[in-house]
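Notes to accompany the following structure.
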Ligand code: ARG
């Protein structure tokens with residue numbers, strides 16, 4: 001519907017250009033919004049205000065001209081001019097009904113299949129394996145998963161890349177510590193069961209113990225030169241760490257598997273080639289023994305040139321070097337049309353440099369879109385980075401334990417007629433989904449405060465609220481004795497509440513499109529919250545099962561079924577299971 005109106009506006013502008021009302025070279029972008037206030041119609045556009053200047057006309061007069069130039073159609077029931085020159089459109093109700101009937105009959109709820117499916121590489125989660133996953137890895141993991149699922153629903157080919165950090169100097173101290181544990185006859189398996197403690201122990205020895213640091217450094221060199229003993233220790237460490245990650249992924253309900261791991265070390269053999277290639281292309285400069293690239297686009301505070309270091313003086317390679325190799329692999333072997341990086345916003349400069357250099361070096365042509373989806377930090381109530389009670393970083397696994405524990409208390413405290421087994425399942429879903437949803441529902445670019453009480457609340461834009469809304473619709477169908485796909489009869493829009501719910505339901509495909517474009521899952525969360533709200537008002541105002549008008553009853557059941565399916569699909573895109581009862 002939105003696209004159709006955009007197309008109509010496009011022809012209107014073309015018409016005005018042909019008439020000479022607008023200059024031929026006018027540049028503009030059609031923007032259509034869903035107004036909050038229903039009295040402003042279904043869509044609003046600021047097109048006339050944008051074009052007023054180039055047209056040398058007053059915006060309201062131009063709005064009138066635009067409306068007059070819109071081709072004959074039966075979609076727009078009414079177009080009004082409001083305020084300084086907004087155009088408000090009301091959609092013909094029969095179109096709204098047709099769209100919903102089609103959505104009801106469609107397993108995809110009317111979400112169109114991409115006309116030009118893309119190959120989209122998504123780099124997400126990507127933790128460093130030296131330590132256990134902590135709260136800082138939550139955002140990349142679940143935002144990446146939600147974006148991946150959305151693009152899949154749209155029919156794109158998604159290739160996840162878990163660019164784990166499995167290489168670098170800190171592995172030297174870990175290997176040295178492992179070696180000693182082994183030599184003392186203790187079980188490395190046991191010691192590695194808590195990676196955080198293991199890392200701390202190794203780090204302490206590295207800082208305090210004479211000779212340990214030297215041994216750690218020499219082990220790195222040996223590892224890099226392919227020494228079998230070191231390789232074996234390293235492999236054991238990495239495998240253990242990856243198994244920890246997989247446990248967290250499974251608990252979080254994210255799709256990542258072992259097959260998606262494309263570790264930093266996988267690019268090792270490419271790194272010298274990348275440096276050679278940059279040299280051959282005349283992009284390298286030696287600076288204090290290091291190999292650097294200076295790009296005019298990036299300057300420091302004092303306007304001094306900022307280097308991208310690709311090889312250190314001692315011959316070692318850097319984070320940037322593997323990322324360049326990764327771009328080349330993704331656009332080359334993986335044939336990506338779009339590469340998305342879901343990484344902490346603090347790495348923004350790094351990615352801008354990598355993207356710019358990749359274009360210059362020919363690792364990504366202009367056809368490929370390179371996007372950094374940056375995100376803010378998770379904060380404690382004190383406004384500082386979220387910490388565990390003992391002041392350390394919070395392991396993600398512990399955080400999820402606590403979420404399930406708190407949810408179990410909450411469910412038990414509410415008084416419930418569920419069996420113990422059902423209660424445990426509800427607690428698990430509510431606990432995990434509350435943590436995920438609290439994160440996904442915030443604009444990813446900002447920091448947010450992690451707060452158990454708000455995220456586990458049954459009120460507001462939370463997982464429990466939406467899960468509960470779903471069970472409410474579900475119980476309606478249980479009472480009716482039919483399933484969601486067994487409603488017959490046509491949709492009719494009797495009251496304002498029927499209409500408000502219908503118009504919310506019709507927005508689902510638009511929301512999916514914008515989540516896919518912008519990589520912003522919070523659009524979907526905000527939408528589902530509004531949908532659940534529209535359902536609530538509808539449910540309160542409109543008798544359904546008690547109605548003796550069968551046609552109306554069926555229409556309302558259909559709207560309710562669409563609500564349930566839309567919530568279920570929406571939550572599924574966030575990797576959240578719905579519950580039949582709670
Ligand atoms: N391992 C990195 C970190 O924890 C994130 C990697 C992100 N992906 C990438 N291609 N650089 O900071």
task = Could you tell me how many degrees, from 0 to 90 and to the nearest 10, lie between the Cα long axis of helix 521-541 and the main elongation axis, the longest principal axis, of the Cα atoms of the chain?
result = 40 degrees
message = I'd like the distance separating the alpha-carbon centroids of the range 500-566 and the range 368-406, in whole Å.
response = 32 Å
task = Calculate the length of the line joining the C-alpha centroid of the range 161-178 to that of the range 208-270, in whole Å.
result = 5 Å
request  = Kindly work out what percent of the DSSP beta bridges joining two residues of the chain are antiparallel, to the nearest 5.
outcome  = 50 percent
message = Students often check this: by mean Cβ neighbours within 10 Å, which of 155-161, 366-372, 397-403 ranks highest, and how do the rest follow?
response = 155-161, 397-403, 366-372
request  = Quick one: check the C-alpha center-to-center distance for the range 53-110 versus the range 296-312, whole angstrom.
outcome  = 49 Å
key: Cα-based helix-to-principal-axis angle, 195-208 vs the chain, degrees rounded to 10   = 40 degrees
remark   = Taking the convex hull of the alpha-carbon atoms of the chain and averaging its shadow over every direction gives an area in square nanometres of 33.1 nm²
key: Value of [θ]222 nm, deg cm²/dmol, for the chain, DSSP H segments ≥ 4, -39500 (n - 2.57) each, nearest 500   = -17000 deg cm²/dmol
request  = Specify, per residue and in Å³, the volume enclosed by the convex hull of the alpha carbon atoms belonging to the range 125-271.
outcome  = 116 Å³
request  = Which order do the peptides 482-490, 466-474, 251-259, 432-440 take when ranked by the mean count of other beta-carbon atoms within 10 Å per residue, highest first?
outcome  = 432-440, 466-474, 251-259, 482-490
request  = With everything on Cα atoms, drop me the angle between helix 420-440 and the longest principal axis of the chain, reported from 0 to 90° to the nearest 10.
outcome  = 90 degrees
inquiry  = Between residue 33 and residue 268, what's the calculated FRET efficiency when r is the beta-carbon distance and R0 is 30 Å? Round to 0.05.
reply    = 0.05
key: Ascending count of other beta-carbon atoms within 10 Å, so fewest first, for 542, 525   = 542, 525
inquiry  = Quick check: pseudo-label points 7 Å beyond the Cα along Cα→Cβ at residue 58 and residue 445, how many nm apart are they?
reply    = 3.6 nm
request  = Using label points projected 7 Å from each Cα along Cα→Cβ, tell me how many nm separate residue 193 and residue 302, to one decimal.
outcome  = 5.5 nm
request  = At q = 0.13, 0.14, 0.16, 0.30 Å⁻¹, work out log10 I(q)/I(0) for the range 24-75 with the Debye formula, treating every Cα as an identical point scatterer and leaving solvent out; two decimals please.
outcome  = -0.37, -0.42, -0.55, -1.21
ask   = How would you rank 30, 76, going from fewest to most other Cβ atoms within 10 Å of each one's own Cβ?
value = 30, 76
request  = For each of 264, 404, count neighbouring Cβ atoms within 10 Å of the residue's Cβ, then give the residues from fewest to most.
outcome  = 404, 264
inquiry  = Sort 124-130, 505-511, 141-147 by the packing proxy (mean of other Cβ within 10 Å over each peptide's residues), most packed first.
reply    = 141-147, 124-130, 505-511
ask   = Relative contact order for the chain: what is it in percent, counting Cα pairs under 8 Å that are at least 6 residues apart?
value = 13 percent
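We did not get these values from a lab; they are worked out from the coordinates using the rules stated. Keep in mind that this is a model prediction, so the values were computed, not measured. A quick note on method: Cβ atoms are made from the backbone with ideal geometry, for glycine too, and the neighbour counts reach across all protein chains shown.
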